[in-house]
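Everything below concerns the one structure shown next.
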Amino acid sequence: MTLHAARRLARRRAVTPSAAPGLALAALGVAAAWSVHRLAPAVPMLTASVVLGIAAAHLPGIREGVRGVGRSGLSLAGRRLMRLGIVLLGLRLGLDDIRGLGWATVAMVCAVVAATFVGTWWLGRRIGLRGDQPLLIAAGYAICGASAIGAVSEVSDSDEEDVAASVALVTLCGTLAIAVLPLVQHPLGLSDAQFGRWAGAGVHDVGQVVATAQTAGPGALGEAVLVKLMRVALLAPLVAAVALAVRRRRRYAGDTAGRGAKRPAPVPLFVLGFLVMAAVRSTGRLPDLALDTAHVAQELLLAAALFGLGSMVHLPSLARTGGRIAVLGLSAWVVIAGASYAGVLLTTA
């Protein structure tokens, strides 16, 4: 049995009654993250979910359950619930909103995403990060943080430890942006609208974008969300490209790695679901109640998935590559901040 086939078999076996303890832990983690967000609105619930997941994996008395009876359910949450959350994320994307940004802004966002993805992936490979970490970190920085990492890992069959380490890094750097970017708005000479676009183009997770942009008022927040959703729209072509690359690699991998493994679909079902939801949203026929309900469900699903991924982070292992992964994280942060800043100035002059 190939490694790819073994992983798929393990995923199918994860859907068993033994997943219940882990799913219950994930539900408790989501409730705790929601409470943190209510007490400190500047902390996005998804960010809190990752941090609480990491904490749960290292606290005495809890870590035994996380690594033991809870492992199956938390792994299930990190993969299956992530897919469902990404599908519902499509309902936040209106094609009319993207057209309203103007072609110059659309081109700027595409250029920033491409430069960030290629530059981060290249640097990660050059400094010798293990496994799929360069690919996953590049996707997280370029598109939408942990959600993009989860989507790309689904088609690349990435190791869970690589996924967890990448989520931890991108979440940390995105959280850092919440504190740093508002401090440099006025020294950089950005208006509120420009700052909103900069936050939307340069901050990773949607919740982190909202937390960053709201410091400059509702006008900045509106611009930030529109630009950010444009980046989210690029999730589908990125995942499809990765799926095609994986398929091509397996085709030419040789007898030992490629035979007997099921080829991934060129466009995974959850990405198609994301596009369908975006198309449905663009019809304008969904009532506000349905959109609000879907948004709450999406936040809960992604929070549970990120708690599961956070629980897979092993800090001692992460520390062994801490220097290299920190270099990549900070370098990629500078790249996306600089590229998006230049893009905003060019498109708003």
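The values are calculated or read from the model by the stated rules, or taken from the named source; none is laboratory data. In this text the structure is predicted, and so the values were computed from the model without any measurement. In this analysis, Cβ positions are derived from the backbone assuming ideal geometry, glycine residues included, and neighbour counts consider all displayed protein chains. In case anyone asks, the SASA skips ligands and DNA or RNA and just uses the protein heavy atoms, side chains included. Shrake-Rupley method; radii C 1.70, N 1.55, O 1.52, S 1.80 Å.
Miscellaneous remarks
- Check on LEU74, of a type in the set (A, V, I, L, M, F, W, C) and open to solvent by 40 Å² or more (accessible area, probe 1.4 Å): no
- Number of positions in segment 310-323 that are open to solvent by 10 Å² or more (accessible area, probe 1.4 Å) and modelled with pLDDT of 75 or more: 1
- Filter result (assigned to a helix (DSSP H, G or I) and touching a Gly at 6+ places or on another chain (Cβ under 7 Å)) within segment 200-218: ALA201, GLN208, VAL209, ALA213, ALA216
- Among the residues listed as ARG125, ARG130, ARG92, ARG99, the single one being surrounded by fewer than 21 Cβ atoms within 10 Å (Cβ to Cβ) and over 24 Å from ALA146 (Cβ atoms): ARG99
- Taken over segment 145-163, the residue count meeting the criterion of being in contact (Cβ under 8 Å) with a residue 40 or more places away in the chain, over 11 Å from the mean Cα position of the chain (by Cα) and farther than 17 Å from ALA241 by Cα is 2.
- Residues considered: GLN208, GLN194, GLN214, GLN185. Of these, the only one that is modelled with pLDDT of 85 or more and more than 17 Å from VAL109 (Cα to Cα) is GLN185.
- Test result for ILE54, more than 28 Å from SER156 (Cα to Cα) and at pLDDT below 85: no
- Residue match in segment 102-119 (condition: polar (S, T, N, Q) and within 26 Å of ILE54 (Cα to Cα)): no
- Those residues of segment 271-309 which are among the acidic types (Asp, Glu) and surrounded by fewer than 17 Cβ atoms within 10 Å (Cβ to Cβ), in sequence order: ASP288, ASP292
- Verdict on ALA201 being closer than 30 Å to ARG125 by Cβ, modelled with pLDDT of 90 or more and of a type in the set (A, V, I, L, M): yes
- Of the set (1) among the hydrophobic types (A, V, I, L, M, F, W, C); (2) buried (at least 24 other Cβ atoms within 10 Å of the Cβ); (3) closer than 30 Å to PRO21 by Cβ, all apply to ALA139 but (3).
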